Structures are given as C-alpha cells and as structure tokens.
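Asks: Have a look at the structure that comes next, please.
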Amino acid sequence: MKFHRLQIAPLAAESLRAAGSSAGWLLEDLNAIRVGLGGSAVTIELNPTVAVEEILQSHQLDGDEGPSDSGLVAFGSLPFDRSAQGWLAVPEVVVTQYRDGKTFVTTAEGSRGLVALLDDITWEDQDQQNLRSVVFQPTAEEYAHNVTSAVDILRTGALEKVVLARSVKGTVPTPIDTGSLANRLRKREPACTIYSIPLQQQRRYVGASPELLVQRFGAQVACNPLAGTTALPANITSDDYSNWLLGSGKNLHEHKLLVDEVEQVLQEYFNDVKKDQQPSILRLRTVAHLSSWVKAETPRSTNPSVMTLLRSLHPTAAVCGIPRSVAYELLTKLEQHDRGHYAGPVGWVDSEGNGQWWVGIRGVMTHGSEFEAWAGAGIVSESDPIAEREETKDKLASVLTSILIDRV
C-alpha cells in the first residue's frame, strides 16, 4: 500500500485531541500529539515471530521528508494477558504534531483525507454526569480480604510482590463523549500521557497514564517505572505527603523491586544501563508516586526494536509482581475477573522499530453510557489491607472524576 506524508500548518490541539479520542486513535505525551483517523489501512496481528517494523517497511511512503515517527505508525492497546491475541493498526490518516509546532499528516492512498474526516467528526463539550448504577468487583471488603491472603503467602517467601486490582462498572444517563473526556484529562493530568484507543465491540479505552513502560528512539532506550503511592488530599500542600513517601520503608521496598527488575531486563540487551540512584516524586492530581528512570544504550548485538523490549518487559512488577509467573498465577486466582486491556501496554511503533509504550492504567473502558475502570496496588509482606484498599479507591477517583459528579 502507498502512503503520502505532507507537512502542514499546526492544528488546534483541543479539536485534534477530541477528534482522535471520539472517532479514532489518540496518544499524547509531553512532546507530541498523535492522532489516527478513518479506518485501519493496515492491521497487524501480533505473535512472537512478527517483526512489526518489517511489515511497516513493506509499504511505500513518499512525499515530504520528516521523522520516521511521523510516517507509517501503528497504534495499539494490548491485553494484560500475554497469551491473549493483540493487534496493531495503521490508521488511514495519521497526524503527528510536535511540541515545537511542526505537524505532519500521513495519508493512505485512496483515503478520504484529513479535511473530509475532520468535517465528519462532531463532539460536544460534555460535563461530568451523575452516577446511575455501580458495581465493584471485588467489593471493598473482599479486596481487603484478598490483600490479607496475599500477605500471608508473601510472608512465606514464595514471592516478593504481587499487584492486586479491582474494577468498578457503572452507567451514567447519557452516552459518554470521549472527546470531552480526553480534553478534561489533559487539563487535569498535565504530567500524564493521554490515550484513547478503539477496541472490539465498539468499546474504547481512554485514560491518562503516568507510567512510561518503554521508549526507543534509535539506540536510546528509557523506562520510567513507578511504584509506591500516597494520596494527595485536596487544597493542602503536598510536601508533607511527598516527604513521607520518600521515607516510607514499605513503599521504597516496593519501588526498588520494580526498578531492579526493569534494569535486569534491559541488561539482557544493552551494555550500558543506568538507573536513578534515588527515586523522585511524581505528583498527579490526587496521588503521588515514587518515580525512577532507567536508561540504556550500546546494544550487546543487534539493536532491539521497541516491540522486542516490550515483549520482555510486560508485565512488569508495577502491574503483576515478582517472580512474574508466580505473581500472575496468584493475582488471577484472587481477582477472578479478566483484566482485559487494563494494565496492558498502550502505544505506537514506527517502521524503524522506534516507539513509545505506556502502562495502560488510570483509564476507563467506555461503551455508550456504560463504563468500567480498574485500579491496583502493589502488595508486599509489609502491606496493610485497609491502606491498600484505600489506595485503589484514590486511584479510581483520579480517572472517574473526569466522568462523574459523584465520588464512587
């Protein structure tokens, strides 16, 4: 298939964001906003033997010169379950707008084009709605009991950490306008990456992820693992809570397990791997996290693509546990509810194997007026069941307040 790239004047970010979130694909970090529109020009069914960059290179790209990540780009939201089928999509039209204003549009041959697609998209500035119905799975009491069970197992030494999650399903009176939701999330969580990816059965996954799983630009690779959390009460200074988090033995232990795991994975591929010696604080609207950067360069042999690194890293201890196989078996037993795309990777890859993938958290699955959101907490042997339950409540609030007037 043939694609054509054209450099254009910058577009209004709010309208572009709403268009991608309501009728296409959206990935927006601090450096670029990427929007896909129209149908899927190329669909890639993933498996361990598929070289995504080679498939993208098999298609022709002409037109204006530009960065590789402004050309053929495949978007995706992958399931948490590594054995579940995942797909990537190259949209018919992809707009890439960088922080400096440079904007490119890449269009598949035969597509209706950017202007026609944008003209067809309508979105409304929808306010938050009242909650009509809600169901937690598991309930707050059941979740605390699950944490107690996990702590008992952790104290035997069978594993070092497990992440337990719970979901909330609900309905609101009017179909959720995901364009408005994405714009609201952008304003509320300026430090996060905003994503909106269409899924099967007319569902959509929209959220604001604070956690970069892995990015690769040429020989430069970076991960930003987050673990260790405290709530930030409204209308008060967050310094005391941040200082408490930096001195919390339980949270520092949980964070170190994650950072060490990411470092070990990257060392399989690179000679030069460096990590922050001490974590810093990432402040969001309702919570703060311990944050560290792990960076790598100088590949041991062939430079791995971002998809190769993704397969090795996911799921990290941030959303699963250590050891991975033991933690996965325990969390599926205790949760008894398929996570679907929650905590799965969400991101993009280009024809040179570059890309960025975030952990698909702080998101909400929408279908008309129905929604489902998930939140998890890292459980270690020192964990308190009530504190962990409240942590999931605070994390759920961070995304659901963008939809609901009521607090769940």
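The values are calculated or read from the model by the stated rules, or taken from the named source; none is laboratory data. Note that the structure is predicted; figures quoted are calculated from it, not measured. Here the Cβ positions follow ideal geometry from the backbone for every residue, glycine too, while neighbour counts run over all protein chains shown.
This table checks each residue for (1) among the small types (Gly, Ala, Ser); (2) at pLDDT below 95; (3) farther than 16 Å from Trp357 by Cβ.
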position: Lys295; (1), (2), (3): no, no, no
position: Met307; (1), (2), (3): no, no, no
position: Glu329; (1), (2), (3): no, no, yes
position: Asp338; (1), (2), (3): no, yes, yes
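Asks: Can you name the number of the only condition in (1) assigned by TED's automatic domain parsing to the domain that holds Val35; (2) touching a Gly at 6+ places or on another chain (Cβ under 7 Å); (3) not acidic (Asp, Glu) that Leu114 fails?
Replies: Here Leu114 meets the rest and fails (2).
Asks: In the range 345-357, is there at least one residue being aromatic (Phe, Trp, Tyr) and either under 17 Å from Lys395 (Cβ atoms) or in contact with a helix residue (DSSP H, G or I) (Cβ under 7 Å, 6 or more places away or on another chain) (or both)?
Replies: Yes: one or more hits.
Asks: On the given criteria, is Gly376 touching a residue at least 12 places away in the same chain (Cβ under 8 Å), crowded, with 23+ Cβ neighbours inside 10 Å, assigned by TED's automatic domain parsing to the domain that holds Glu297 and not in a helix (DSSP H, G or I)?
Replies: yes
Asks: Specify the residue that is nearest to the chain's Cα centre (by Cα); the eligible residues are those in the range 28-47 that are at pLDDT 95 or above and part of a loop (DSSP other than H, G, I, E, B).
Replies: Here the residue is Asp29.
Asks: How many of the residues in the range 106-155 are among the hydrophobic types (A, V, I, L, M, F, W, C) and touching a His at 6+ places or on another chain (Cβ under 9 Å)?
Replies: Final tally of qualifying residues: 1.
Asks: So how many residues does the range 188-221 have that are assigned to a strand (DSSP E or B) and more than 15 Å from the chain's Cα centre (by Cα)?
Replies: Taking the range 188-221 first, the residues assigned to a strand (DSSP E or B) are 193-198, 204-209, 212-217, 220-221.
Narrowing further to those that are more than 15 Å from the chain's Cα centre (by Cα): 216-217, 220-221.
Going through the range 188-221 one residue at a time, the tally reaches 4.
Asks: Right, something else. Pairs needed: first member in the range 85-103, modelled with pLDDT of 95 or more; second member anywhere, assigned to a strand (DSSP E or B) and acidic (Asp, Glu); C-beta distance under 6 Å; at least 6 residues apart or different chains.
Replies: Trp87/Glu45
Asks: Also: Right, Asp152: loosely packed, with under 15 Cβ neighbours inside 10 Å and either of a type in the set (Lys, Arg) or within 20 Å of Leu330 (Cβ to Cβ) (or both) or not? Full working, then the answer.
Replies: Values: loosely packed, with under 15 Cβ neighbours inside 10 Å: yes; either of a type in the set (Lys, Arg) or within 20 Å of Leu330 (Cβ to Cβ) (or both): yes.
Yes, satisfied.
Asks: Which of the numbered conditions does Tyr269 fail, given that it passes all the others? Conditions: (1) touching a residue at least 60 places away in the same chain (Cβ under 8 Å); (2) within 24 Å of Asp69 (Cα to Cα).
Replies: Result: Tyr269 passes all but (1).
Asks: Hand me the list of helices (runs of 4 or more DSSP H) wholly inside the range 248-356 holding 1 or more residues that are surrounded by 16 or more Cβ atoms within 10 Å (Cβ to Cβ), aliphatic (A, V, I, L, M) and within 17 Å of the chain's Cα centre (by Cα).
Replies: Fully inside the range 248-356 and qualifying: 249-267, 306-313.
Asks: If you don't mind, there's one more thing I want to ask. Is it true that Asp406 is at pLDDT 95 or above and among the acidic types (Asp, Glu)?
Replies: Values: at pLDDT 95 or above: no; among the acidic types (Asp, Glu): yes.
So Asp406 fails the test.
Asks: Let me ask another. Inspect the range 385-393 for any residue being part of a helix (DSSP H, G or I), touching a Ser or Thr at 6+ places or on another chain (Cβ under 7 Å), at pLDDT below 90 and assigned by TED's automatic domain parsing to the domain that holds Ala288 and give the result as yes or no.
Replies: no
Asks: Failed condition for Ile197, given (1) in the same structural domain as Thr298 (by TED's automatic domain parsing); (2) within 30 Å of Val134 (Cα to Cα), with all others met?
Replies: So the condition that Ile197 fails would be (1).
Asks: Moving on. Only one of Arg339, Arg324 is among the basic types (Lys, Arg) and touching a residue at least 12 places away in the same chain (Cβ under 8 Å). Can you tell me which?
Replies: Arg339
Asks: Next up: If Pro173 satisfies every condition in (1) modelled with pLDDT of 95 or more; (2) not assigned by TED's automatic domain parsing to the domain that holds Thr302 but one, which is the exception?
Replies: Checking Pro173 against (1) modelled with pLDDT of 95 or more; (2) not assigned by TED's automatic domain parsing to the domain that holds Thr302, the one that fails is (2).
Asks: Given the criteria farther than 27 Å from Val151 by Cβ and part of a loop (DSSP other than H, G, I, E, B), does Ser381 qualify?
Replies: No; evaluated as a whole, the condition is false for this residue.
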